[in-house]
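Below is one structure, written out as structure tokens; the observations come after it.
The values are calculated or read from the model by the stated rules, or taken from the named source; none is laboratory data. Since the model is a prediction, treat every value here as computed from it, not as a measurement. Using ideal geometry, Cβ is built from the backbone for each residue, glycine included, and neighbour counts are taken over all protein chains shown.
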Amino acid sequence: MEQLILASASPRRTELLTSIGVSFDVQPADIDETPGPDETAYDYVERLAREKAEAVALSNPHQLVMGSDTSVVLEGEILGKPATQAEARSMLTRLSGNTHQVMTAVALVGKGQCQSVVSVTNVTFRQLEAGEIDAYIATGEPMDKAGGYGIQGLGGIFVTDLQGSYSAVVGLPLQETAALLAQAGHPVWRNWSRR
Ligand SMILES: Cc1cn([C@H]2C[C@H](O)[C@@H](COP(=O)(O)OP(=O)(O)OP(=O)(O)O)O2)c(=O)[nH]c1=O
């Protein structure tokens, strides 16, 4: 198959895509991530995933390129990666005791075409104590993650319920990603070997 390029700087996405037996190159995309004035969170993550893939496809026209975006959405509001510790504190305080959505889009660009999917997962946090929020921020874990937490790390102790795709919360919905690749004529299982 044509070489697949993952247009992402996220170490979680590299790990997740590797875990389903796909081989690929990594080429992060640098795009403007400002939401449009009336853009819904759903449309926003889909557009960003597509624009990341398209940006990298420009210089790799004969390759398949995958882009993805994850946003945490609370009452319709997009919470991206916190820029400061104060912003992380404010996000975690708002997520405390509430249910939010994690929206992760994946887009696959090849031969001038783009296919995309959006996965929506409901995640519920218990009430968080102010002291534990501060201790969590001091670990550094929130800073490169949408919504200011990592479910796969220390942040896992905040989660009381999850409805949807765990892998999508970490950064890439595995079922949907494999389905996109299969649709493009590259079922992931063709590369599987004994392990
Ligand atoms: C909610 C949540 C997000 N995240 C991460 C996944 C993504 O890496 C990040 C969301 O930011 P993104 O902007 O989607 O991705 P990124 O900037 O890390 O990488 P790129 O745009 O180059 O693909 O948050 C977790 O690792 N665990 C979680 O529980």
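For every residue, the table says whether it meets (1) near the ligand (Cβ under 9 Å from one of its atoms); (2) more than 24 Å from G80 (Cα to Cα); (3) outside any helix (DSSP H, G or I).
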{"residue": "V106", "(1), (2), (3)": "no, no, yes"}
{"residue": "V120", "(1), (2), (3)": "no, no, yes"}
{"residue": "L128", "(1), (2), (3)": "no, no, yes"}
{"residue": "E132", "(1), (2), (3)": "no, no, no"}
{"residue": "I137", "(1), (2), (3)": "no, no, no"}
{"residue": "G156", "(1), (2), (3)": "yes, no, no"}
{"residue": "S193", "(1), (2), (3)": "no, yes, yes"}
*asked:* Among the numbered criteria (1) within 14 Å of the ligand (Cβ to nearest atom); (2) modelled with pLDDT under 95, which one does G112 miss?
replied: (1)
*What strands (runs of 3 or more DSSP E), lying completely within segment 1-97, carry at least 2 residues that are within 10 Å of the ligand (Cβ to nearest atom) and either hydroxyl-bearing (S, T, Y) or at pLDDT below 95 (or both)?*
64-74
*Name every residue in segment 165-178 that is surrounded by fewer than 17 Cβ atoms within 10 Å (Cβ to Cβ) and in contact (Cβ under 8 Å) with a residue 60 or more places away in the chain, in order of residue number.*
none
*Among the residues of segment 138-181 satisfying the criterion of being under 16 Å from V73 (Cα atoms) and aliphatic (A, V, I, L, M), which is farthest from the chain's Cα centre (by Cα)?*
V159
